[in-house]
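Down below is the structure, laid out as structure tokens.
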Amino acid sequence: MILVTGATGVVGREVVRRLPSDLGVRVMVRDPGQAAEFAGSGVDVAVGDFGDAASLARAVDGVSAAFVVTVRIGADDDVRFVRAAQRAGVERVVKLSAAAVLDQGSVDLVTRWQRANEELLRVSGVEWTLLRPRAFMSNALGWASSVRGEGVVRALYGESACACVDPRDVAEVAARVLAQPGHAGRAYTLTGPEALTAADQARQLGQLLKAPLRFEELTRGAARAGWLRRYPAAVAEALLESAERQRAGVKTQVEDTVRVVTGRPPGSFREWARDHLEAFAPVRQEPGSVPAGS
């Protein structure tokens, strides 16, 4: 039995889709309502929370391998999971971390937390594999509203490049590592095939939409304000530090790991954008229709 946490997230959902059904797949979800997504799929559903030891114990019972995604920055969710895995005899844990742990000078809250979680797993006595992706291409969905409504992409340091990765490629690597032997004690840095700037991505989106998009550079203050509306202050500051590292050029290195593990090259941003173009396309009114709210 393979357990997937974060199964309704951008990577976890794709991991579940890619795992061979004959291995037995269980997902851990916090909300019972999320279980409906997996109805009829043959996937076992465990309702659980990293903060609830009893529910964790139920989730890992009978599990041989687990994919672990934690998102509460600074919390001890990884500690709780590793303890539960040790007690249950889980043989292998595949941990979603981040490429930032390798960046020299990266000491922000998020990166320190990820490094601590990696070290926790290394000394746990459980077989482990670390996945360290660069930024997800799907982060571009944060522009969807402004692209649809204004034809604008706004970002901080729009001419700084990052070798962002398709989260579907991360999921494919995770599924193979979970299902196949030979990955114990390895840390895989995962990137896309090239380093792109936000301005590059805006140009490619515009080409696919057949409508040029305007790029607008955000100030640090505007970027901070936007992140503070979504995240705690310490996380917003960590994101600003991350942007500064990208501006310094530390996120441009392209790795061949996706091809080595999966046997195929990583997907490009253009391919990802083409597959998600509906999210960016303006809503078209049918001829003669009355606009909503009229």
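Numbers for the structure displayed
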| item | result |
| --- | --- |
| Counted residues, region 262-286 - those being β-branched (Val, Ile, Thr) and in contact with an Asp or Glu (Cβ under 8 Å, 6 or more places away or on another chain) | 1 |
| Glu255 within 19 Å of Thr111 (Cβ to Cβ), acidic (Asp, Glu) and not in a helix (DSSP H, G or I) | yes |
| Candidates Ala54, Ala59, filtered to the one that is under 18 Å from Arg83 (Cβ atoms), more than 17 Å from the chain's Cα centre (by Cα) and in contact (Cβ under 8 Å) with a residue 40 or more places away in the chain | Ala59 |
| Failed item, numbered, when Ala222 is tested on (1) modelled with pLDDT of 95 or more; (2) touching a helix residue (DSSP H, G or I) at 6+ places or on another chain (Cβ under 9 Å); (3) among the small types (Gly, Ala, Ser) | (2) |
| Region 18-40, residues that are touching a residue at least 24 places away in the same chain (Cβ under 8 Å) and loosely packed, with under 14 Cβ neighbours inside 10 Å | Pro20, Leu23 |
| Pick from region 88-116, criterion within 19 Å of Glu237 (Cβ to Cβ) and small (Gly, Ala, Ser), ranking: modelled with the lowest pLDDT | Gly105 |
| Residue check, Val110 of a type in the set (A, V, I, L, M), closer than 30 Å to Glu271 by Cα, in contact (Cβ under 8 Å) with a residue 60 or more places away in the chain and not in a helix (DSSP H, G or I) | no |
| Residues located in region 247-256, provided they are crowded, with 18+ Cβ neighbours inside 10 Å, within 18 Å of the chain's Cα centre (by Cα) and either of a type in the set (A, V, I, L, M, F, W, C) or within 20 Å of Glu217 (Cα to Cα) (or both) | Lys251 |
| Filter result (under 23 Å from Ser268 (Cα atoms), touching a residue at least 24 places away in the same chain (Cβ under 8 Å) and assigned to a loop (DSSP other than H, G, I, E, B)) within region 197-247 | Ala211, Pro212, Leu213 |
| Residue satisfying all of: in region 73-92; aliphatic (A, V, I, L, M) and outside any helix (DSSP H, G or I); surrounded by the fewest Cβ atoms within 10 Å (Cβ to Cβ) among these | Ala75 |
| Single condition Glu172 does not satisfy, out of (1) within 20 Å of Leu239 (Cβ to Cβ); (2) in contact (Cβ under 8 Å) with a residue 60 or more places away in the chain; (3) buried (at least 22 other Cβ atoms within 10 Å of the Cβ) | (1) |
| Only one of Gly226, Gly221, Gly182, Gly206 that is over 18 Å from the mean Cα position of the chain (by Cα) and either under 30 Å from Arg26 (Cβ atoms) or of a type in the set (A, V, I, L, M, F, W, C) (or both) | Gly182 |
| Residue selected from region 263-275 under the condition more than 18 Å from the chain's Cα centre (by Cα) and of a type outside the set (Lys, Arg), by the criterion farthest from Asn139 (Cα to Cα) | Gly263 |
| Residue list for region 21-63, filter: hydroxyl-bearing (Ser, Thr, Tyr) and part of a helix (DSSP H, G or I) | Ser21, Ser55 |
| Unmet criterion (only one of (1) in a helix (DSSP H, G or I); (2) crowded, with 22+ Cβ neighbours inside 10 Å) for Ala155 | (1) |
| Given (1) within 20 Å of Glu271 (Cα to Cα); (2) without any contact (Cβ under 8 Å) to a residue 40 or more places away in the chain; (3) over 22 Å from the mean Cα position of the chain (by Cα), number of the condition Gly142 does not satisfy | (3) |
| Residue among Ala233, Ala243, Ala199 that alone is surrounded by 15 or more Cβ atoms within 10 Å (Cβ to Cβ) and within 26 Å of Gly9 (Cα to Cα) | Ala243 |
| Scope region 1-15; condition in contact with a Lys or Arg (Cβ under 7 Å, 6 or more places away or on another chain) and under 13 Å from Ala35 (Cβ atoms); matching residues | Ala7 |
| In region 185-196, residue surrounded by the fewest Cβ atoms within 10 Å (Cβ to Cβ) [restricted to those that are in contact (Cβ under 8 Å) with a residue 60 or more places away in the chain and not small (Gly, Ala, Ser)] | Glu194 |
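The values are calculated or read from the model by the stated rules, or taken from the named source; none is laboratory data. Values in this document were obtained by computation on a predicted structure and should not be read as measured data. All Cβ positions, glycine included, derive from the backbone under ideal geometry; neighbour counts span all protein chains shown.
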